[in-house]
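Take a look at the structure below.
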């Protein structure tokens, strides 16, 4: 299976989102991969869209049968209006810092909540013939996440993985 996310804190994130939003909230799953966040959230949220850059993930994982809308696009170029929740599950480590910063700032202006999940200090090259799997930020830590992305704050984390949300002013 391609595009699988690590299992840390999934239950907590689900409870967090369900406590903050009603079932009609619009959700965007960026880099849907195998559909991890659809699987996690579809029994509550009724409107979940996906953006997935690697077409074989859409086909092999039957994303079009599960999500309301599936966009085969690169998030660095994808334009959208508004979602209540935007999930970047294991995505920003695949982008250069400046690209991730631009994509996240764009998202923050177009959502009520952002969820950014990242593996810490995790090297990865091409996987499943997918060049988008390369980790361009394989040095992420709790400390440099907050330095690089000061508009985010840690929601859940351990020494391997972290979940970040929109920083409250």
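Points to keep in mind about this one:
- Region 100-169-region 16-38 distance, computed between alpha-carbon centres (Å): 17 Å
- GNM top mover of 55, 11, 23 - the chain, alpha-carbon springs below 10 Å: 11
- For region 4-106, the gyration tensor built on C-alpha atoms gives a rounded shape. Its axis ratio a/c (a ≥ b ≥ c) stays under 1.5.
- GNM flexibility winner over the chain from 130, 159, 72 (Cα, springs under 10 Å): 159
- Using a Gaussian network model of the chain in which every pair of alpha carbons under 10 angstrom is joined by a spring, one finds that among 117, 25, 50 the greatest mean-square fluctuation is at 25.
- Burial ranking of peptide ranges 152-158, 57-63 (average Cβ count within 10 Å, highest at the top): 57-63, 152-158
- Expressed to the nearest 5 percent, the antiparallel share of DSSP beta bridges inside the chain is 40 percent.
- Per-residue packing, averaged as other Cβ atoms within 10 Å, sorts the ranges 101-109, 143-151, 40-48, 88-96 into the order 88-96, 40-48, 101-109, 143-151, beginning with the highest.
Each value in this text was obtained by applying a stated rule to the coordinates, not by laboratory testing. The structure presented is a predicted model; accordingly, all values stated were derived computationally and were not measured. All Cβ positions, glycine included, derive from the backbone under ideal geometry; neighbour counts span all protein chains shown.
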